[in-house]
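Undergrad: Sharing a structure with you now.
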Amino acid sequence: MSEPVLRVEGLRVAFDHPLGKVRAVDDVSFALMPGERFGLAGESGSGKSTLALSILRLIKPPGHIEAGAVWLDDARIADLDDDGIRRLRLAGIALVPQGSMNSLNPVLRIGRQIADAFADHGLRLGHREEQRRITALLAAVGLPATIARMYPHELSGGMKQRACIAIAISLRPKVIIADEPTSALDVVVQRQVMATLARVQQELGAAVILVGHDMGLMAQFVDRLGIMYAGRLVEVAPIADIIARPRHPYTRALIAALPSLEARGMLAGIPGLAPSLRELPSGCAFHPRCELAIDRCRAERPVLRDIAGAQVGCHLA
Ligand code: SF4
């Protein structure tokens, strides 16, 4: 059996604030197998994007990693020096960031931006080989070679997003982290971008972490899903299992919020608001919104337990 390509162990990320410390990621552990598509879902403020960025050591002060470790194969990411972390980004773990369409440099042609990714990682290519690789990367994301000579403002939103994916895969990473990669796109273009991501992921054999709040998109794309609430993983299970038989009340609420044909487009919504990370409720952080809460839920925080092929953090699971 193959080994995980990425391991996150007991990760804690905190932000220092004049009114006290805010823990955005709290004791999160999971492992990613080669080629696996893993989703991280939850409402905004659940810590999923912070977790994704902290894997790449991209958390900026006043945020910092308080505890835990991330491993890519045998390399502990905290031990890498600046040069090592620069090589890790793209060549080991590539990020397709949130709002990545705005992450393109507006004054550089797309081809130049891909070539810069090669140069940043010490690849010294002749002009002809560089052009060949740029054309191949654009083709891999379904873009014609002429895009290389264009500036970002000349492209549609979907084309820009595909250009971002081309840059992300330029060094053939083992893991791609896609943080809400389709959030600013309409539904048709969303599908095209996700199909592109799926195709290049299969061609590379890379694992993917897809961060988002759209459970419908998760159901179509990922193999396994982790649900985050108030900085913690509350359920992790294969996607078919989690959709058919969600075990955590919060997961059930997220799935019930999906529009269905039977409900004729009605959205159920999740009662109450996500808690402030500065003032988390006692015990289970979900208890003020949970219709199943019992006294124990207010007093004791549930731990993630293995239950029939899944992991669930609920006293009643
Ligand atoms: Fe609800 Fe209690 Fe389970 Fe939390 S531990 S989800 S409050 S039943």
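Undergrad: Would you work out which of LEU88, GLY126, PRO281 lies farthest towards the positive end of the dipole of the chain, given +1 charges on the beta-carbon of Lys and Arg and -1 on that of Asp and Glu, about the Cα centre?
TA: Going by the Cα projections, it comes out as GLY126.
Undergrad: Once the Cβ-Cβ distance between ALA75 and GLN220 is put in as r, and R0 is 41 Å, what FRET efficiency do you end up with, to the nearest 0.05? Intermediate results must be reported in sequence, preceding the final value.
TA: On the way: r = 32 Å, r/R0 = 0.78.
After rounding to 0.05, the efficiency reads 0.80.
Undergrad: What percentage of the solvent-accessible surface of the chain, computed with a 1.4 Å probe over protein heavy atoms, is contributed by carbon and sulfur atoms?
TA: 54 percent
Undergrad: OK, next. Could you calculate the contour length gain from ASP82 to ARG124, that is, 0.36 nm times the residue separation minus the distance between their Cα atoms, to one decimal place in nm?
TA: Taking 0.36 nm per residue and subtracting the Cα distance, the gain is 13.1 nm.
Undergrad: To the nearest 20 Debye, how big is the dipole of the stretch 116-229 about its Cα centre, given +1 on the beta carbon of each Lys and Arg and -1 on that of each Asp and Glu?
TA: On the way: 12 positive and 11 negative charges, 81 e Å.
Computed about the Cα centre, the dipole is about 400 debye.
Undergrad: Let me know the charge dipole size of the stretch 77-138 about its Cα centre in debye, to the nearest 20, where only the beta-carbon of Lys, Arg (+1) and Asp, Glu (-1) is charged.
TA: The calculation lands at about 400 debye.
Undergrad: Could you please report the charge total around ILE114, scoring K, R as +1 and D, E as -1 over all other residues with beta-carbon less than 10 angstrom from its beta-carbon?
TA: +1
Undergrad: Right, something else. Can you find, among THR251, ILE270, PHE221, the residue sitting farthest towards the positive end of the charge dipole of the stretch 165-317, where Lys and Arg contribute +1 and Asp and Glu -1 at Cβ?
TA: THR251
Undergrad: Per DSSP H run of n ≥ 4, the term is -39500 (n - 2.57); total these for the chain, divide by its residue number, and report the mean residue ellipticity at 222 nm rounded to 500 deg cm²/dmol. Each step should come with its number before you reach the end.
TA: Values: 10 runs with 99 residues, N = 317.
It lands at -9000 deg cm²/dmol.
Undergrad: For the chain, modelled as a Gaussian network with Cα springs under 10 Å, which listed residue fluctuates most, PRO18, PRO275, PRO238?
TA: PRO18
Undergrad: Which value, in debye to the nearest 20, gives the size of the charge dipole of the stretch 173-249 about its Cα centre, when Lys and Arg are +1 and Asp and Glu are -1 at the Cβ? Kindly include the intermediate steps, with their values, before the conclusion.
TA: On the way: 7 positive and 8 negative charges, 43 e Å.
In debye, rounded to 20, the stretch 173-249 gives about 200.
Undergrad: Mind checking the angle between helix 157-168 and the chain's longest principal axis? C-alpha axes, 0 to 90 degrees, to the nearest 10.
TA: Compared with the principal axis, the helix lies near 80 degrees.
Undergrad: If I build a Gaussian network model for the chain, linking alpha-carbon pairs within less than 10 angstrom, which residue out of ASP241, ASP79, ASP214 has the largest mean-square fluctuation?
TA: Looking only at ASP241, ASP79, ASP214, the largest GNM fluctuation is found for ASP79.
Undergrad: A further question follows. As an exercise, use a Förster radius of 45 Å and the Cβ-Cβ distance of TYR151 and HIS64 to find the FRET efficiency, rounded to the nearest 0.05.
TA: Computed FRET efficiency for TYR151 and HIS64: 0.75.
Undergrad: Considering Cα pairs under 8 angstrom that are at least six residues apart, work out the relative contact order of the stretch 153-216 and quote it in whole percent.
TA: Answer for the stretch 153-216 is 44 percent.
Undergrad: Could I ask something else about it? Just to confirm, what accessible area per residue do you get for the chain at 1.4 Å probe, in whole Å²?
TA: Per residue, the chain has 48 Å² of solvent-accessible surface.
Undergrad: With a Förster radius of 30 Å, plug the Cβ-Cβ distance of LEU108 and ARG191 into 1/(1 + (r/R0)^6) and report the FRET value to the nearest 0.05.
TA: Values: r = 29 Å, r/R0 = 0.96.
Once the sixth-power term is evaluated, E becomes 0.55.
Undergrad: Oh, and also: At 7 Å along the Cα-to-beta-carbon direction for both ALA198 and GLU300, put a label point, then send me their distance in nm to one decimal.
TA: Placing both labels 7 Å beyond Cα along the Cβ direction yields 4.3 nm.
Undergrad: Quick one: net charge around PRO238, please, counting Lys, Arg +1 and Asp, Glu -1 for every other residue with C-beta under 13 Å from its C-beta.
TA: It works out to a net charge of 0.
Undergrad: Need one word for the chain: rounded, prolate or oblate. Basis is the Cα gyration tensor (sqrt eigenvalues a ≥ b ≥ c); a/c below 1.5 gives rounded, then a/b vs b/c decides.
TA: The shape class here is prolate.
Undergrad: Relative contact order for the chain: what is it in percent, counting Cα pairs under 8 Å that are at least 6 residues apart?
TA: Worked out over the chain, it gives 20 percent.
Undergrad: I've got another one for you. In a Gaussian network model over the chain where Cα atoms closer than 10 Å are linked, find which of VAL22, VAL175, VAL208 has the largest mean-square fluctuation.
TA: Of VAL22, VAL175, VAL208, the most mobile in the Gaussian network model is VAL22.
Undergrad: Loop by DSSP (not H, G, I, E, B), at most 11 other beta-carbon atoms within 10 Å: where is the longest site-free stretch of the chain for trypsin sites (Lys or Arg not before Pro)? Walk me through the intermediate numbers first.
TA: Working: sites that count: ARG124, ARG264.
Segment 125-263 is the longest.
Undergrad: Using only the Cα atoms of the stretch 1-147, each taken as one equal point scatterer with no solvent, compute I(q) by the Debye sum, divide by I(0), and report log10 of the ratio at q = 0.16, 0.17 Å⁻¹.
TA: Log10 I(q)/I(0), no solvent term: -1.04, -1.12.
The values are calculated or read from the model by the stated rules, or taken from the named source; none is laboratory data. As the structure is a prediction and not an experimental result, all values here were calculated from the model. In this analysis, Cβ positions are derived from the backbone assuming ideal geometry, glycine residues included, and neighbour counts consider all displayed protein chains. When the accessible area is computed, the model is the full protein with side chains, heavy atoms only, and any ligands, DNA or RNA have been set aside. Shrake-Rupley method; radii C 1.70, N 1.55, O 1.52, S 1.80 Å.
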